[in-house]
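Undergrad: Pasting in a structure now, in structure tokens, and then I'll have a few things to ask.
Laboratory data are not the source of any read-out in this text; all were calculated from the coordinates shown. Please read these numbers as outputs of a predicted model, since none were measured by experiment. In this analysis, Cβ positions are derived from the backbone assuming ideal geometry, glycine residues included, and neighbour counts consider all displayed protein chains.
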Amino acid sequence: MDFANPAYLLALPLALAPLILHLFFHRRRSTVLFSSLAFLVRHEKYFAYRRRIQEVLIMLCRMAAIALCILALAHPYFKRISFLSGARTEAVIVLDDTMSMQRTTPGGQSAFLLALHQAENLMNALNKEDAAGLVFLSGRPGVESTKDKQRLVEALRGASVTGTAGNLTMAIAQAVDMLKHSPSINREIYLLTDMQENMLPNRKIDLLGLDNGRLFVLPLYGASDNAAVACNFQDLSLKTPGSSIYMPFTIRNTSQQDKSFKVELNITGASVQSQVLLVKGNSSTNGSFVYVPERAGRVDGTISIDDTNIPLDNAAPFSFTVSDVLKVLLLSEPGALPSPFYYLKMAVEPKKRLHGIEFTEGTLDTLNALDLKQFPLIFMEARSRLAPEVLQQLQNYVRDGGNLVAVANAESGLAYMNGLSEAQFQNGFQDTNSSGMQFKQGLASMNENLQLDLLKWRRLAPLPGTGNILAQCGSMPAIVEQPLGEGRLVLLAFDLRRRCSNWTELKSFPIAMNSLVNYASGRKDRTAHINCGEALKLSEEQVSYTGSTGMSGTVEGSIFKETWLPCTVIFSAGNLESAVLSPPERESELKALHIDAMQNAFSAPISLLSTDEEPALQIMRLRRGTDLAGYSLLAALVLLAVEYILGLQFNGRSKVTNQGGR
């Protein structure tokens, strides 16, 4: 037990005053002459014994009451936290700025605004010589420990919610590391969070480095009902003016009740389509828009819903490019008849520029006369080994960013590709009786749209197992993608005629070839889809960028880190044209941790605060521990009441005794 005002303990000897007075005014025994005591002496001894006991009890009550009053002035308490009064304190505020902090609290404001208000109060409660720092749960830069409280207050007032899920373990580790090097004796961490369930780590968070300190946690509970929209449109292959673009989306309703939502398709901030969908409680509903672009260029927009909680997950961004025309070069051996690409042309572009694709036919001996830079994609079939000058020209084309689709043929299979690819190919084909095809990676979406049970294979050329396998026929690779410099090779284990299969006769062939042309053109890799808070690697050291939220700047060191809010970002150069930043789905699930789970998440005890009282007052009380001053005063009042009752009884018996004596 400790005392807040130990100087008052010097007055404890005053509690002996009743004893001194009792001894000073003690009655002396006197002799009284009386005729006969035969009938009184026995009764008088009994009352004298009881009187002495009552006098002692009254004296003890008075002494104890005085001592308790002095103890109350000395402010006794049981100490809970190792906190040295008068010493300097260094504190770190760990502020939860994740997306779930937009939830509405019972007071009507968001949990984040309430956290900012409480954090500012904590800063104002520190002494002038105390230092403090600021750490954000999202991982964005905070404020190093400083005595300049105004700097911290300005940082708090300029803070905003991010679209990230955050990392509690890393945030606490950063705060502990900041306090490890502090010269202050008292060290404290203030965690202000909405207790989101997904923030709970798999193992306990280490607080062993927080010497002579404590972690205070202020839970900010709020509404758990929420709805979020996710745009499933990530197909950034070729889009042309006038073509129909299918744009699917998913609405998740995490509340218990069924709700209807107005869903809007917004292009460059303007609503172009809308629909109303009913979503049952604790379930998801899929929907879609069909958008027809009128002109070439970049299309940026969102699919949004009207939900009152967590605004950041109410709009799912997307981005794609509408091309005027895609030029594709078809290279074949001189004099090759019939054309090896006849079925490809009829499947993809039966009429000139019907789908924004323009085919140009050429031969290997006229390759020097063609400007290959105007063709993002080349289809090639050869019947013999490539001439050195042709091989060099194709190598330069691919390494500079071009895309080459190599089609096997009946005579040589893919043996002629040995000069372009590092893999070694075998000559000819292998007979097979496989059926169907299983697409993977960038072409996996075709598995849902194509019915390939009627596809029967006769022959396939062996492909290497290196690279990305985009399609398989049983256990044999059918389409393989290999990077080469800035470009890539796409190898087909079959030709595009009827020698290898019956595919050219099926309705799935035009759909598959269109998807293959779009994918092989290389546009799919120009847009990145990442979660908010993740860093993005760029190919250029210095690239300027602009975002749909109004942000702009220059990327230094080829790492793009300004990914805090859901939006679309456009880059001026590099391997990426744009990036779509989306909030993580788990952050939309508004499930709060139980207090016991929060206690067990740390390796050391924590102190929980309440929003019903100023956090600074709660922290001061927790530093002191259990305050016994009030209990001391209450005990003193009880003893005085007992003394009063005993005094009344004592005086009453004295009068009765005196009257009997007369």
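Undergrad: Using the structure shown, list the pairs from Lys345/Lys507; Lys345/Lys373; Lys259/Lys440 with a Cα-Cα distance above 26 Å, or answer none.
TA: Pairs exceeding the cut-off: Lys259/Lys440.
Undergrad: Also: Using Cα centres only, tell me the gap between region 262-286 and region 152-193 in whole Å.
TA: One Cα centre to the other: 38 Å.
Undergrad: Would you mind working out the magnitude of the charge dipole of the chain relative to its Cα centre, with +1 at each Lys and Arg C-beta and -1 at each Asp and Glu C-beta, to the nearest 20 Debye?
TA: 3760
Undergrad: For region 326-521, give me the percentage of DSSP beta bridges that are antiparallel, rounded to the nearest 5 percent. Mind showing how you got there, number by number?
TA: Working: 18 of 38 bridges.
About 45 percent, rounded to the nearest 5.
Undergrad: Please give me the summed charge of the neighbours of Val161: other residues whose Cβ is under 13 Å from its Cβ, Lys and Arg +1, Asp and Glu -1.
TA: With Lys, Arg at +1 and Asp, Glu at -1, the neighbours total -3.
Undergrad: If you average the sequence gap of Cα pairs under 8 Å that are 6 or more apart and divide by the length of the chain, what percent do you get for the contact order?
TA: It rounds to 16 percent for the chain.
Undergrad: Here's something else I'd like to know. What is the set of long-range amide H partners of Arg88 at a cut-off below 5 Å, with H atoms built 1.01 Å from backbone N?
TA: Answer set, sorted by chain and number: Ile185, Asn186.
Undergrad: First check a/c for region 326-521, with a ≥ b ≥ c the square roots of the eigenvalues of its C-alpha gyration tensor; if it is under 1.5, answer rounded, and if not, answer prolate when a/b is larger than b/c or oblate otherwise.
TA: Values: a/c = 1.45, a/b = 1.23, b/c = 1.17.
Judged from the Cα gyration tensor, region 326-521 comes out rounded (a/c under 1.5).
Undergrad: Another question, if that's okay. Under the rule of -39500 (n - 2.57) per DSSP H run of 4 or more residues, summed and divided by the residues of the chain, what mean residue ellipticity at 222 nm is obtained, to the nearest 500 deg cm²/dmol?
TA: Computed mean residue ellipticity for the chain: -8000 deg cm²/dmol.
Undergrad: State whether region 103-145 is rounded, prolate or oblate according to the following rule on the C-alpha gyration tensor (a ≥ b ≥ c being the square roots of its eigenvalues): a/c under 1.5 gives rounded; otherwise a/b larger than b/c gives prolate, and the remaining case gives oblate.
TA: oblate
Undergrad: Suppose we keep just the DSSP beta bridges with both residues in region 457-588; what percent of those would be antiparallel, to 5? Can you show the working numbers first?
TA: Numbers: 26 of 31 bridges.
Of the beta bridges lying entirely in region 457-588, close to 85 percent run antiparallel.
Undergrad: Please compare each pair in Lys128/Lys204; Lys327/Lys561; Lys239/Lys456; Lys128/Lys180; Lys239/Lys262; Lys147/Lys204 to a cut-off of 24 Å on the Cα-Cα distance and tell me which ones are over it.
TA: Lys128/Lys204; Lys327/Lys561; Lys239/Lys456; Lys239/Lys262; Lys147/Lys204
Undergrad: Something else now. For Arg298, which sequence-distant residues (separation of 5 or more, or a different chain) have an amide H within less than 5 Å of its own amide H, given hydrogens modelled in the peptide plane?
TA: When sequence neighbours closer than 5 places are left aside, the close amide H contacts are Val322.
Undergrad: What list do you get for Asp307, Asp400 if you sort them by fewest beta carbons within 10 Å?
TA: Exposure proxy ranking, most exposed first: Asp400, Asp307.
Undergrad: Next question. Over region 326-521, what is the relative contact order in whole percent, taking alpha-carbon pairs under 8 Å and six or more residues apart?
TA: The value is 22 percent.
Undergrad: Please compute the net charge surrounding Ser283, taking Lys and Arg as +1 and Asp and Glu as -1 over other residues with Cβ under 11 Å from its Cβ.
TA: +2
Undergrad: Under 5 Å between amide H atoms, partner at least 5 residues away or on a different chain: which partners does Asn309 have, H built in plane at 1.01 Å?
TA: For Asn309, the qualifying residues are Ala227.
Undergrad: Around Leu179, what is the net charge, scoring Lys/Arg as +1 and Asp/Glu as -1 over all other residues with Cβ under 10 Å from its Cβ?
TA: Taking every Cβ under 10 Å from that of Leu179, the sum is -2.
Undergrad: Let me ask something additional. Among the complete DSSP H segments of the chain, which ones combine at least 27 Å of alpha-carbon extent along their axis with a mean Kyte-Doolittle hydropathy of 0.0 or more?
TA: 41-74, 629-661
Undergrad: Going by C-beta contacts inside 10 Å, put Arg214, Arg295 in order with the fewest on the left.
TA: Working: Arg214 22, Arg295 9.
By the 10 Å Cβ count, ascending, the order reads Arg295, Arg214.
Undergrad: Please rank Ser260, Ser288, fewest neighbouring Cβ atoms within 10 Å first, as an exposure proxy.
TA: The fewest-first ordering by Cβ neighbours comes to Ser260, Ser288.
Undergrad: Nearest 20 debye, what's the magnitude of the dipole of region 497-537 about its Cα centre given +1 on Lys and Arg Cβ and -1 on Asp and Glu Cβ?
TA: My answer is approximately 260 debye.
Undergrad: With point charges of +1 on the Cβ of Lys and Arg and -1 on the Cβ of Asp and Glu, referenced to the Cα centre of region 326-521, which listed residue (Val398, Ser501, Leu463) lies farthest in the positive direction of the dipole?
TA: Ser501
Undergrad: A further question on this structure: Would you mind working out the magnitude of the charge dipole of region 326-521 relative to its Cα centre, with +1 at each Lys and Arg C-beta and -1 at each Asp and Glu C-beta, to the nearest 20 Debye?
TA: 440
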